[in-house]
Amino acid sequence: MTIEPFSLPDGFLLGVATAATQIEGGDRNNNWYRWFEDGHVKDGSDPSVACDHWNRVAEDTALLTEFGCHTYRLGVEWSRIEPEPGRYDEEAIAHYRDELQRLRDADIVPLLTIYHFSHPLWFEDMGGWMSRRSIECYLRFTEVVVRRLGNLVDDWITMNEPNIYLIFGYVMGVWPPGRKSVRRFFRGRRHMVRAHRAAYEMIHRISPELGRPEPKVGVAHHLRVFDPATDRVADRFMARFYDRMSQGIFVSAMTGSSGDGGRRWADFIGVNYYSRDIVHFVPNPAIGFGRRMSLEGAPVNDLGWERYPEGLYRVVQWLAERYPLPIYITENGTCDSRDAFRSRYIYDHLYQIHRLIEDGVDVRRYYHWTLTDNFEWSEGTTARFGLVYVDFDSQRRAPRESARFYAEICRRRAVTTGMIERYIR
Ligand code: IFM
């Protein structure tokens, strides 16, 4: 694969992305803490510890400044803000206001995620996203977030990866609440789509009242490449089926019209890109007639996910052909505990973004996943995605070499020959 210097346009923003539950610690009132208590986190790590970001906002924001990040994607924890239905915790709201103000003071543009896989236990106990009332509950919470934090925020993500949440939680049953029901998957999707659309409209209605006349609102979609294992019709059909059912139907319903002038529920499309799956047709209804795996012999990360940078080009190109909207890469990163290939991964994926921009695609931002090692859901803290190493006993942070590489990219908006020599070869 090509290794050559390249640069990104002047206004292009680079930063990192995080999620509240994965970093904050200190909260036990959510579905992920219960999932941990029930023994479902593979390495037994406790999300109420995570990387103690709640008490280390200053230290972690200093890292963002040190790395020269132009923007930071962060989330709020619903169960902290609304611990009981309709009761809002002023201290938690003040905490998030302080964090956002700190970012603005440091000239770092916040991109705020309202919902990222985690919700209060009272919401889980009423049926979560399966309940018809989920929409009004999510909107009530969203209204509080927007009214109380919205004068500090222009850029919003209403939901992170609704497709992954529903597939893992309701089809595969490997995330809370651990169900296996395709019917529930579609029910949850219906509710999440309605909730997102209404939140989109609400944010546009309220933000101008708060002095933010042009908010930008979108969804962070998890998008993969699905390639058929062979040229056989059955494999090709299954690959298309996965592509459509596990992502296409979310993007179309949450973005709206692909033509100009039609109804739209997104100001940008957020892309979380990690890997691709090779799809085989398997004549076995018990496993849904398909199996997904990594390409044999391909380079993989610590979790066995193929490292396939061209896939980023492919999914973004696919979107750009359909929607005349700016694209933000809202997540991209890799699980690499030895930091053996993270710099190369960053280089390869940013190179694809450079190619896309050269080819006229409107990609405006890139958020690396993630700042520090954190609580990687059912994998626990042993799956390390951080630019910064975390010792979870002492909570000591230590930037990895890839963090130095990424910091240089942020500062220069470019990869030079010298950087290639220092970090890639
Ligand atoms: O850690 C997750 C994140 O919460 C959502 N996108 C994928 C990441 C890596 O698995």
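Once both labels are positioned 7 Å from their Cα atoms along Cα-to-Cβ, the gap between D391 and L210 label points is 4.0 nm.
Using the beta-carbon distance between D105 and L295 and R0 = 35 Å, what value does 1/(1 + (r/R0)^6) give for FRET efficiency, to the nearest 0.05? Mind dumping the intermediate values first?
On the way: r = 46 Å, r/R0 = 1.31.
The computed FRET efficiency comes out at 0.15.
Helical runs (DSSP H, four residues minimum) scored at -39500 (n - 2.57) apiece and divided by the length of the chain put the mean residue ellipticity at 222 nm at -11000 deg cm²/dmol. With an a/c value of 1.5 or above and a/b not larger than b/c for the gyration tensor axes a ≥ b ≥ c computed over the alpha-carbon atoms, the stretch 350-425 is described as oblate.
Per 0.36 nm of contour for each residue apart, how much would the distance between S181 and R322 grow if the chain were fully extended, relative to their Cα-Cα spacing?
Numbers: separation 141, 0.36 × 141 = 50.76 nm, distance 3.08 nm.
Working it through step by step, the gained length comes to 47.7 nm.
Would you work out what percent of the accessible area of the chain, with all protein chains in place, is carbon or sulfur (probe 1.4 Å)?
Details: 7850 of 16640 Å².
Carbon plus sulfur share of accessible area: 47 percent.
Between R240 and S337, the simple label model (points 7 Å from Cα in the Cβ direction) yields a spacing of 4.2 nm.
If a spin label sat at a point 7 angstrom from the Cα of R232 along the line to its beta carbon, the backbone N atoms of the stretch 264-302 nearer than 20 Å would be those of 277-297.
Beyond 33 Å, the tail of the calculated P(r) for the chain holds 29 percent of the Cα pairs. Applying 1/(1 + (r/R0)^6) with r as the Cβ-Cβ distance of I287 and K42 and R0 = 22 angstrom yields a FRET efficiency of 0.55.
The values are calculated or read from the model by the stated rules, or taken from the named source; none is laboratory data. Remember, it's a predicted structure, so these values are computed and weren't measured experimentally. Cβ: placed from backbone, ideal geometry, glycine included. Neighbour counts: every protein chain shown. What goes into the accessible areas is simple: the full protein's heavy atoms, side chains included, and nothing from ligands, DNA or RNA. Shrake-Rupley method; radii C 1.70, N 1.55, O 1.52, S 1.80 Å.
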